[in-house]
Amino acid sequence: MLSAAKQLARNWRWERMIQRTRSRLPYEQGQRYMDYLEACRKAYKAAEPDEPRFAALARDYWANGYCTFMPARGTELAQSMRARVATLAESVGTQAWRDDRFYGGDTYRDFPEVRELLAGDLGKLYRAIYRAHFKIFYGMIFRSIRDADTPIYSQLWHADGGPGTCVIAIFALSDIGAHNGGTEMLPWPQSVEVMRAERRAAKALDAEAKALGPNPDRMALRDVKCRFYERTIAAEYTSRVVRASGPPGTLLCFSNNVIHRGGYPEPGQIREVALLHAYPSMTPTPFETYAARGVEKVAGNPAGPDF
């Protein structure tokens, strides 16, 4: 009886954590980010109301964990950016791509197209989502190629596990779809259902992990969870999976904590995208700082919400 009561209490705390923080970080840590978002909202003085288009997209984001749209001059910006990537790659040779995947320069300083997006429609969407100013934690440009017989790493179903206030933007430089590994997502309500199922299956997943040997590495343990997501989604949620698709310039914004996967193209296909991780800010976006130092990735998550 006592153990059942303890389990009920643990389940209640988990539900509170997920619903309040939209994250599986420890409750106090996740709540810090949500408290900071509320403080940013109170400090925010919008020059004008959100445009109806962006207000609607923000509602979609909070309801489903994602939204997609075509920003102003989206296709033109994407084509210009892709041509600029090719020109820069030609000028610096193999140094342009780390591990043949990641652009080696800086996403903000090297690309006026990214600056235009942040000063324009993407910035408007961020502000509509947060109802506050925004800041960029990091940005990168990467390409997905078929270099393994089966999906690996982020090509498997997973949730990033970061703060619930992180909004990931993916700007398509190429067209995106099933042929080149366009991002697939399970909407937030269904993602939470799968996470609940994961909790119920915790003992079985622990046993599966122990069967790997005495000291399985982090990626092996991650694969256990990814395989559980794969089985569960294939059995119960295939009709709810959403895939980002569209022409160059399509912009996808999604929560890092929706269950998602992407980047496993068909043979001979390539997907090129720019990616930005944003968070709410107490003050206007420091574009001058980004112009000076760039937005290169230095860590997966910030040390705190007020970075």
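Give the residue list of GluC sites (Glu not before Pro) in segment 238-307 that are DSSP loop and have at most 16 other beta-carbon atoms within 10 angstrom.
Glu296
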Per principal axis, descending, Cα span of segment 56-190 in whole Å: 43, 37, 25
What spacing in nm lies between the two simple spin-label points modelled at Arg218 and Glu90, each 7 Å away from Cα in the Cβ direction? 3.9 nm
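Would you tally the net charge around Pro284, using a Cβ to Cβ cut-off of less than 11 Å, leaving Pro284 out, and scoring K and R as +1, D and E as -1? Intermediate values should be presented prior to the final figure.
Values: positive: Lys45, Arg127, Lys135; negative: Glu288.
Its environment carries a net charge of +2.
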Cβ-Cβ cut-off under 13 Å around Arg109, Lys and Arg +1, Asp and Glu -1: the net charge is -2
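Around His260, under 9 Å between beta carbons, what's the net of Lys plus Arg minus Asp minus Glu among the other residues? Write out the running numbers ahead of the final one.
Values: positive: Arg261; negative: Asp160, Glu184.
Cβ neighbours under 9 Å give a net charge of -1.
Name the shape class, rounded, prolate or oblate, that the alpha-carbon gyration tensor gives for segment 139-259, where a ≥ b ≥ c are the square roots of its eigenvalues, rounded holds for a/c under 1.5, and otherwise prolate holds if a/b is larger than b/c and oblate otherwise.
Values: a/c = 1.92, a/b = 1.57, b/c = 1.22.
Prolate, since a/c reaches 1.5 and a/b exceeds b/c.
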Pairs beyond 24 Å (Cα-Cα), from Lys203/Lys297; Lys42/Lys124; Lys135/Lys225: Lys203/Lys297; Lys135/Lys225
Give me the number: length gained by fully extending Met70 to Arg101, i.e. 0.36 nm times residue separation minus the C-alpha to C-alpha distance, one decimal in nm. 8.7 nm
Can you give me the Cα centroid spacing of segment 1-55 and segment 272-307 in angstrom? 21 Å
Contour excess over end-to-end distance, with Cα ends at Leu205 and Lys6 and 0.36 nm allotted per residue: 69.6 nm
Looking at the chain as a GNM with Cα springs under 10 Å, which of Thr250, Thr68, Thr289 has the largest mean-square fluctuation? Thr289
Using alpha-carbon positions, the gyration tensor of the chain gives root eigenvalues a ≥ b ≥ c; with a/c under 1.5 called rounded, otherwise prolate if a/b exceeds b/c, else oblate, the class is oblate
Over the chain: helical MRE at 222 nm, DSSP H runs n ≥ 4 each giving -39500 (n - 2.57), nearest 500: -14000 deg cm²/dmol
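How big is the dipole moment of segment 1-107 about its Cα centre under a simple scheme where the beta carbon of each Lys and Arg is +1, that of each Asp and Glu is -1, and everything else is neutral? Debye, nearest 20, please. Walk me through the intermediate numbers first.
Details: 18 positive and 13 negative charges, 125 e Å.
Result for segment 1-107 is approximately 600 debye, rounded to the nearest 20.
Taken together, the values in this text are just the output of simple stated rules run on the coordinates, not laboratory data. Not measured: the values here are computed from a predicted model. Because the Cβ atoms are built from the backbone with ideal geometry, glycine has one as well, and the counts that use them run over all protein chains shown.
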